[in-house]
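Peer 1: The structure that follows is given in the form of structure tokens.
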Amino acid sequence: MYAVTADTKNEELLADASETLASAKTIAQDISSLLPAPQRRALLGVAQLIMLGEMAVNRMMDNLEVAG
């Protein structure tokens with residue numbers, strides 16, 4: 001079971017967010033192959049937005065490592 005508590009470290013939260021976004025992106029990409037073209041393009045657009053969020057989280061983790 002997953003829980004976010006007040007004492008959860010920022011690095012842990014960011015790592016979990018990155019993994020969750022990566023999984024969501026993969027799920028969206030996999031499901032898109034089952035859809036007709038218009039819906040497939042829409043879902044691939046959502047997958048790309050998820051990927052942008054993942055990239056932002058990963059950059060934040062990199063920034064924390066450099067600062068720390």
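Peer 1: Looking only at region 1-38, which residues are acidic (D, E) and under 16 Å from the mean Cα position of the chain (by Cα)?
Peer 2: Keep residues of region 1-38 that are acidic (D, E), which gives 7, 11-12, 16, 19, 30.
E11, E12, D16, E19, D30 - these are the residues of region 1-38 that are acidic (D, E) and under 16 Å from the mean Cα position of the chain (by Cα).
Peer 1: With respect to T20, is the statement that it is surrounded by 14 or more Cβ atoms within 10 Å (Cβ to Cβ), free of Cβ contacts under 8 Å to residues at least 24 places away in the same chain, assigned to a helix (DSSP H, G or I) and out of contact with any helix residue (DSSP H, G or I) (no Cβ under 7 Å at 6 or more places or on another chain) true? Give the derivation first.
Peer 2: On the way: surrounded by 14 or more Cβ atoms within 10 Å (Cβ to Cβ): yes; free of Cβ contacts under 8 Å to residues at least 24 places away in the same chain: yes; assigned to a helix (DSSP H, G or I): yes; out of contact with any helix residue (DSSP H, G or I) (no Cβ under 7 Å at 6 or more places or on another chain): yes.
The answer is yes for T20.
Bear in mind that the values in this text are calculations on the coordinates, not laboratory data. Nothing here was measured: the structure is a model prediction, and the numbers come from that model. So basically every Cβ, Gly included, is an ideal-geometry build from the backbone, and we count neighbours across all protein chains shown.
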